[in-house]
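*Asks:* Have a look at this one.
The values are calculated or read from the model by the stated rules, or taken from the named source; none is laboratory data. Bear in mind that the values here come from a model prediction, so they are computed numbers and not experimental data. So basically every Cβ, Gly included, is an ideal-geometry build from the backbone, and we count neighbours across all protein chains shown.
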Amino acid sequence: MYKLKCLKCGREVSPLSTGSTCPDCREPLFLDVSLDELATREGIRSLVPEELKRVTLGEGRTPLVEQGRFLLKLEFLNPTGSFKDRGAALTISRALMAGWKTVIEDSSGNAGIATAAYSARAGIKAKIYAPADAPQGKLRLIRAFGAKLETVKTRDEAHRAALEDRSGVYVGHVVEPFFIEGMKDIALELVHSGKKFEAIVVPVASGTMFLGLYKGFEELTKLGLVSEVPTLIPVEACGYAKLTQYLRTVSLACDEGGKSLLADALRLTIVPRLHQIAERARKVSPYVVVVGDDSIGEAIKELYSMGLPVEPSSAAVYAAAKYVAKDLSGRVVVPLTGNGLKYVPTPNELLDKYLFGGP
Ligand SMILES: [Zn+2]
């Protein structure tokens, strides 16, 4: 059986017991995967052992599209329209293995939708805490998948309320180790594409993609498929930046001093794994890019002009990539994380200003 491991004190815990943090030192845990068993005669198909995936909706293996110097990873084409499906598939698989009947998640929207959908698929009840001002399209999708939706005032409040709820098992992606496992195959897919790149820009709210990519590339290094973890450049939203205390900071359109209203998926300030992200970022991240609404708005307009229906938080990543490309000579990987179809059918005064030039 695979073990959850505390990288701080070495304590090992069964994944079938509840909880995602070390019983001794409260450090969020990671899954310890035996790499020897992953390689088959056909090569490596996944960095996740097959027996750990008990529920799937066909997530992953998303297209990688070339756009000038950029390699766009179309993560918004996952089953429920975001990269969170990769993590939810593994999280709900853990719930199935452990026999949990009700799971509890807190989310700005996308992770809640993914958890709701995979829970529905697995026949497990889901309860999702989300901020009331999340995009209506996202909140409605959570309910449409049959999950119980609890709205509170802010994203941070959603996290606190979910932790206090004792009516099920808390599987919040902000700490859940299996959620991070689900992200690792993005690294493998990039390597399998055979395309060379110099850096990957990575949106960071709770940091699951950053930690998953890092762990994935670390394992690929151990397997001899890559020589090192590549340059990962974290992207945060104005008013919600946490990594700026650890890394050199590049700000794009943050000068109004306000908080981003458009990047709803990046509005998290309580980040249980922040020190783990910072520790890794210090090794592979030259700086963090913090993006404001004017840059996001320009970037989303440009992405739609290329035929790519993404959500505003993904446009923040593209805006950052354009800055990063000026600093580098090679190609830059841009994960486009969330689908804009959750937004555009609903009139949105602020977003419409950028997309249509007015409400
Ligand atoms: Zn520990």
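*Asks:* Suppose the filter is within 27 Å of Pro335 (Cβ to Cβ) and within 16 Å of the ligand (Cβ to nearest atom); does Leu4 pass it?
*Replies:* yes
*Asks:* Continuing with this model, one more query. Tell me whether segment 37-56 contains one or more residues that are of a type outside the set (D, E, K, R), in a helix (DSSP H, G or I) and touching a His at 6+ places or on another chain (Cβ under 7 Å).
*Replies:* Checked against the condition, which is being of a type outside the set (D, E, K, R), in a helix (DSSP H, G or I) and touching a His at 6+ places or on another chain (Cβ under 7 Å), segment 37-56 yields no hits at all.
*Asks:* Among Ile270, Ile277, which is the only one that is at pLDDT 95 or above and either among the hydrophobic types (A, V, I, L, M, F, W, C) or surrounded by 18 or more Cβ atoms within 10 Å (Cβ to Cβ) (or both)? Full working, then the answer.
*Replies:* Working: Ile270 fails: at pLDDT 95 or above.
Result of the check over Ile270, Ile277: Ile277.
*Asks:* Suppose we keep only residues that are modelled with pLDDT of 95 or more and within 16 Å of the ligand (Cβ to nearest atom) within segment 27-66. Which one would you say is surrounded by the most Cβ atoms within 10 Å (Cβ to Cβ)?
*Replies:* Leu29
*Asks:* Could you tell me which residue of segment 310-352 is surrounded by the most Cβ atoms within 10 Å (Cβ to Cβ), considering only residues that are part of a helix (DSSP H, G or I) and in contact with a Gly (Cβ under 7 Å, 6 or more places away or on another chain)?
*Replies:* Per the stated criteria, the residue is Ser314.
*Asks:* Checking the structure you have, find out if any residue of segment 254-263 is crowded, with 21+ Cβ neighbours inside 10 Å, among the aliphatic types (A, V, I, L, M) and not in a loop (DSSP other than H, G, I, E, B).
*Replies:* No, because not a single residue in segment 254-263 is crowded, with 21+ Cβ neighbours inside 10 Å, among the aliphatic types (A, V, I, L, M) and not in a loop (DSSP other than H, G, I, E, B).
*Asks:* Filter segment 215-228 down to the residues that are surrounded by fewer than 19 Cβ atoms within 10 Å (Cβ to Cβ) and either touching a helix residue (DSSP H, G or I) at 6+ places or on another chain (Cβ under 9 Å) or at pLDDT 95 or above (or both) and list them by number.
*Replies:* Step one: list which residues in segment 215-228 are surrounded by fewer than 19 Cβ atoms within 10 Å (Cβ to Cβ), which gives 218, 221-228.
Glu218, Thr221, Lys222, Leu223, Leu225, Val226, Ser227, Glu228 - these are the residues of segment 215-228 that are surrounded by fewer than 19 Cβ atoms within 10 Å (Cβ to Cβ) and either touching a helix residue (DSSP H, G or I) at 6+ places or on another chain (Cβ under 9 Å) or at pLDDT 95 or above (or both).
*Asks:* Exactly one of (1) farther than 29 Å from Lys342 by Cα; (2) at pLDDT 95 or above is unmet by Gly212. Its number?
*Replies:* (1)
*Asks:* State all residues of segment 7-26 that are among the small types (Gly, Ala, Ser) and either loosely packed, with under 12 Cβ neighbours inside 10 Å or within 11 Å of the ligand (Cβ to nearest atom) (or both); if no residue qualifies, say none.
*Replies:* Kept after step one, since they are among the small types (Gly, Ala, Ser), are these residues of segment 7-26: 10, 14, 17, 19-20.
Answer for segment 7-26, where residues must be among the small types (Gly, Ala, Ser) and either loosely packed, with under 12 Cβ neighbours inside 10 Å or within 11 Å of the ligand (Cβ to nearest atom) (or both): Gly10, Ser14, Ser17.
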